[in-house]
Amino acid sequence: MNLAQTFTHGMVHPSIPGISPVVFVVDDDISVRKSLERLIRCEGWQAETFQSAREFLTRPRPLVPSCLILDLALPDLNGLELQRTIAQERAEMPIIFISGCGDIPTTVRAMKAGAVDFLIKPFRNDVLLRAIREGLDRSRSALDHEIQLGSLRNDYLSLTHRERQVMTLVVSGLLNKQVGGELGISEITVKAHRGQVMRKMKANSLADLVRMASSLQPARQTIHLA
């Protein structure tokens, strides 16, 4: 099993309401792990620490806001390698790099790849806490978007094959009469299907439906019904 497979194994599990955000720490220095764990818990967040990249990658994905404090130098993978692995399956995982010695090219690479911050040890607690809050805000937004997209996908799956056809043509800008001509059905039938689409998708306007269709484009391309 490669690292990407290890990371995805068992990654999805139910979210538990009321659970506080999780801050992960990956650092091979036990004193750093313990110090950061105390700091994180004092802020009311959950703290989970790991001494290696491989150990962290076996941890299932939490469906609560989370972020990762990541040491650049690790015994198995370095921080940048772990960042690339995470990006393949958890692009929304915010990462805060910490390092005993950083250089400009490495910092630039980490930030361009989406890191929240790159802190050089020793750093002030308030600086790290500010970065953690930003990371958790990013994670919260990503989870909210994921939940909304999941709801949209379920609504789309509730449409019949004909309703999906009508939706595709309507959001492309065709009038009801033109949609009927494309599908070989009457304008009255198109109106009925269109009403069902609007109801099932919970769309208040055509503009709403167009936005929904844009968000669902990848899902729509992978759903094929006879």
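Of the helices (runs of 4 or more DSSP H) lying entirely inside region 136-210, the ones with 2 or more residues being among the β-branched types (Val, Ile, Thr) and in contact with a Lys or Arg (Cβ under 7 Å, 6 or more places away or on another chain) are found at 161-171. All conditions but one from (1) without any contact (Cβ under 8 Å) to a residue 24 or more places away in the chain; (2) surrounded by 17 or more Cβ atoms within 10 Å (Cβ to Cβ) apply to Cys42; the one that does not is (2).
For the structure I just gave you, tell me whether Ile188 is over 18 Å from Cys67 (Cβ atoms) and modelled with pLDDT under 95. Against the criterion (over 18 Å from Cys67 (Cβ atoms) and modelled with pLDDT under 95), Ile188 does not qualify. Examine region 120-134 for a residue that is surrounded by fewer than 18 Cβ atoms within 10 Å (Cβ to Cβ), more than 17 Å from Pro21 (Cβ to Cβ) and polar (S, T, N, Q), and state whether such a residue exists. Yes, because at least one residue in region 120-134 is surrounded by fewer than 18 Cβ atoms within 10 Å (Cβ to Cβ), more than 17 Å from Pro21 (Cβ to Cβ) and polar (S, T, N, Q).
The values are calculated or read from the model by the stated rules, or taken from the named source; none is laboratory data. Since we're looking at a predicted model, the values are computed, not measured. Reconstructed Cβ throughout: ideal geometry from the backbone, glycine too, with neighbour counts over all protein chains shown.
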